Amino acid sequence: MRQAKTLSAHPARQVRWMNRDRAIALLMIAPSALAIAVFVYGFIGWTAYISMTDWRGLMITTSFVGFENYLTIFNTGRFQTNIRNLIVFTVFFLAACLIIGLLLAVLIDSRVRFEGFFRSVYIFPMALSFIVTGVVWQWLFAPGNWPNDPTGINLLFKQSGLGFLQAAWTTDTSVVPGWRIEGLRTRIGVPMAMIPVVVAAVWQMSGFVMAMYLAGLRGIPEEIKEAARVDGATEWQVFRTITLPMLQPITLSAVIILGHISLKIFDLIVTMTGGAPGNNTEVPGLYMYEITFKANKFAEGAAVAMVMLVVVALLVVPYLIYNRRTEVER
Amino acid sequence: MRTTKWLKLISAFAIITLALAACGAPSTAQPTAAPTQPTTAPAQTGGGKLEIFSWWTNGGEADGLNAMFSIYQQKYPGVEIVNATVAGGAGTNAKTVLKTRLQGGQPPDSWQVHAGKELTAYVDAGQMEPLTQFFKEQGFDKVMPPKLLEQITYNGEIWSVPVNIHRSNVLWYNIKIFQENGLTPPKTIDDFFTVAEALKAKGIIPLAVGGKDKFETPHLFESVLLAVFGPEDYARLFQPGADWSDPRVRQAAEIAKRMLEYSNSDRSSLSWADAAQLVLDGKAGMTIMGDWAHGYFISKGAKVGVDYGYAAAPGNDGVFMWLSDSFGLAKGAPNPEQAKAWLALCGSREGQDAFNPKKGSIPARIDADVSLYDEYLKYSIKAFGSEKLVPSVVHGAAAPEAYMTEYGNALNVFASDLDVDAVVQALRDAAKDLK
């Protein structure tokens, strides 16, 4: 009797937390979990540690200096410019991608002919690497000796009689409006050379946003819209009060995906402008690479890396928390 | 049933392992130059391997390197040469790979490095062997100019063997344009502005300047600094504790500003080669660039003395601003004997005369066989032997990498905003990285 009881109790507990299936599952994820623990979280920890040392030069030195490197980089005009550029790029890139993506999705959803063809056309740039995009758009936006002897897009404008549209594009050195604020070593405003870079990035990524919105639009039940129309709502009202709110989760996902691409952007800018003119299109990723591997200031490079990590985390972590909450609600 | 499942799993695992092993082959070390040769002839260094790390992957550079490799193979047939190259202009990518390898404790036997202060980071990290004694044994100290040896000495020792010399302060001009307009290449800064004004009046861009490779304006500025400061004071500017509050820094910045105002406005979208092409196409009159521009012009089928001419940069007459590619010896090199044999070849007349005509540079020795070189290089060899030598800062000869980065960024920002006050301040701030 007693024996039977223990026998029945024991396996029951085993089922709850560890049976054969679970053991195999754990075994299967263990290698990747271990690899991620070491190569992602381990190295984040290492970078954080390095960023608080005085490691300069090729020989590692690990005297602890606290937040000195962070103070140094935040006090350089160059890093302040990088942060300004990052904000400008992210805001313009996100806004343009969302608006153009939504517009394209709505157009394609309106049952145009050859829908499949257009869908492929818009989404195709995403298949390219940012390196390719950067090189190609660098050629397009190289102004040449305009207005008389232009190249790229300026030449196109000149030959099609739209010469007045010629501009300096990636070589435009102005910052609009370029306010100077006491204590800041950079000018506040939109560096005009950043606009062509945003155009190239939007060209590449807006098709992706379109695809996301298209999936969202297809997921909205026709009955709800029909019911609204029966109640006398105009098409605009249907769009504004039914379609848009129901697309909100899609927008959020798109912002997160595009946002983390934008905050870590490196390859596109390296190939398209290299950060020029001056530092007008340079972002922290480029700065990190240059001071780490060219100037051998490893500790300052690590500090820039940590700042980038924190900025991306500020975007992603609230999203994860929000996601978890909505999942619990469901 | 069960056994087939396991078999599938195991075979899948085996395939993945094989695939990974194939990918895992050392990607940086590609033996491209020379296949292993049978160890029949007894060589001085026996057999073994020699790993040479460089960023010479294409054109004349790779040809020159291979010419030296084949001499090495003739001398030491038993040695397998591993030619580890990483492509990328000015070696930025290569340096990244190299630094990673050094920190991982896996140095190549010998690696390419700009002679002069650029290599101080490796020396400070204890990654290079001093070569002063080796220079004496090989007699290099007698055939290389004393001024050059002085300028590549750090902490009292010489650390690398210069294979070649490039000249940085050269003015290249379009001969046809100059003849049509009755102009002569400007000797002084004042001459430069007279010529520039004349060209501008004809609707020709006076000075072509690039910017895409991020060294072009810093490059232009070093020749202006030399013109304003003169050779002695210029060299002093990059010594530890140099005085950058000197009013002549501002004077140089003002001159550079005026020069840039006479240049093309799309600087930041052009590479140095694009700028040289403007001169060749007759769209621009002049450009100030190192003598790799000569190699570029030749590769485009242009003829020196017919299509383009050369002169010292304005105000730089009688001064030769040098930069040099060199090879050093790794501390803890896996094959030190083979590496020393390599360095001996790098510094020898035979090696340098094999390498340089192909690379389009001149030997670091003063006893070169002049007949092997073309018209411009003959002029350059003569100048190297007779003129005052100063080191280039942009190309690693005069200052450590940390300073080069700060100096370069200060000038690149200047190229964009032409703010004299800001660049003077930025250069003063950068001086803290001099050591």
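Data table
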{"item": "Percent RCO, i.e. relative contact order, over chain A, from Cα pairs under 8 Å lying at least 6 residues apart", "result": "25 percent"}
{"item": "Area projected by the alpha carbon convex hull of region A:129-230, averaged over all directions, nm²", "result": "12.3 nm²"}
{"item": "Cα-centre dipole for the protein assembly as shown with unit charges at Cβ (Lys and Arg positive, Asp and Glu negative), debye to 20", "result": "2940 debye"}
{"item": "Shape category assigned to region A:103-144 from the gyration tensor of Cα positions, a/c cut at 1.5", "result": "prolate"}
{"item": "Most fluctuating residue given options A:Asn69, A:Asn85, A:Asn148, as computed from a GNM of chain A linking Cα atoms under 10 Å", "result": "A:Asn148"}
{"item": "Rg(Cα) / (2.2 N^0.38 Å) computed for region A:241-330, rounded to two decimals", "result": "1.44"}
{"item": "Most positive-pole-ward Cα, B:Pro130, B:Val420, B:His219, against dipole of chain B from beta carbon charges", "result": "B:Pro130"}
{"item": "Rounded tilt (10° steps) of B:2-23 against the dominant C-alpha axis of chain B", "result": "40 degrees"}
{"item": "Inter-part distance where region A:255-330 and region A:198-216 are each reduced to a Cα centre, Å", "result": "20 Å"}
{"item": "Projected label distance in nm at A:Tyr41 and A:Ile87, using a 7 Å step from Cα toward the beta-carbon", "result": "3.3 nm"}
{"item": "Principal axis dimensions, largest first and in whole angstrom, of region A:185-244 by Cα", "result": "58, 23, 16"}
{"item": "Stokes-Einstein diffusion coefficient of region A:223-266, Kirkwood radius over Cα pairs, 10 °C, 1.306 mPa s, in µm²/s", "result": "130 µm²/s"}
{"item": "In degrees, nearest ten, helix B:247-261 long axis to first principal axis of chain B (Cα)", "result": "90 degrees"}
{"item": "Length-normalised contact order for chain B - Cα pairs under 8 Å, 6+ apart - percent", "result": "25 percent"}
{"item": "Span-rule helices in chain A, defined as complete DSSP H runs reaching 18 Å or more along the axis (Cα) with Kyte mean at least 1.0", "result": "A:20-36, A:77-109, A:194-218, A:248-263, A:298-329"}
{"item": "Contour excess over end-to-end distance, with Cα ends at A:Val121 and A:Ile188 and 0.36 nm allotted per residue", "result": "20.4 nm"}
{"item": "Value at 222 nm in deg cm²/dmol, rounded to 500, when DSSP H runs of n ≥ 4 in chain A each add -39,500 (n - 2.57)", "result": "-20500 deg cm²/dmol"}
{"item": "Cα-only Debye scattering, region A:79-329: base-10 log of I(q)/I(0) at q = 0.08, 0.11 Å⁻¹", "result": "-0.41, -0.74"}
{"item": "Spherically averaged projected area of chain B from its Cα convex hull (nm²)", "result": "26.2 nm²"}
{"item": "Principal axis dimensions, largest first and in whole angstrom, of region A:17-84 by Cα", "result": "59, 32, 21"}
{"item": "Mean-position separation - Cα centroids, region A:42-90 and region B:373-430, in angstrom", "result": "27 Å"}
{"item": "Given charges at beta-carbon only (K, R positive; D, E negative), |dipole| of chain B in Debye", "result": "1240 debye"}
{"item": "Cα long-axis angle, helix B:420-430 against chain B (0 to 90 degrees, to the nearest 10)", "result": "40 degrees"}
{"item": "Percentage of interatomic Cα-Cα distances in the protein assembly as shown larger than 40 Å", "result": "45 percent"}
{"item": "Extent along principal axes [Cα atoms of region B:242-359; Å; largest to smallest]", "result": "54, 45, 31"}
{"item": "Per DSSP, loop chymotrypsin sites (Phe, Trp or Tyr not before Pro) in region A:23-81 with at most 14 further Cβ within 10 Å", "result": "A:Phe67"}
{"item": "Ranked list, fewest to most other Cβ atoms within 10 Å of each Cβ, for A:Ser120, B:Ser54, A:Ser174", "result": "A:Ser120, A:Ser174, B:Ser54"}
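Values in this text are rule-based calculations from the coordinates and carry no lab data. From a predicted model like this one, the values you see are computed outputs, not experimental measurements. Quick reminder, even Gly has a Cβ in these numbers, built from the backbone with ideal geometry, and neighbours come from all protein chains shown.
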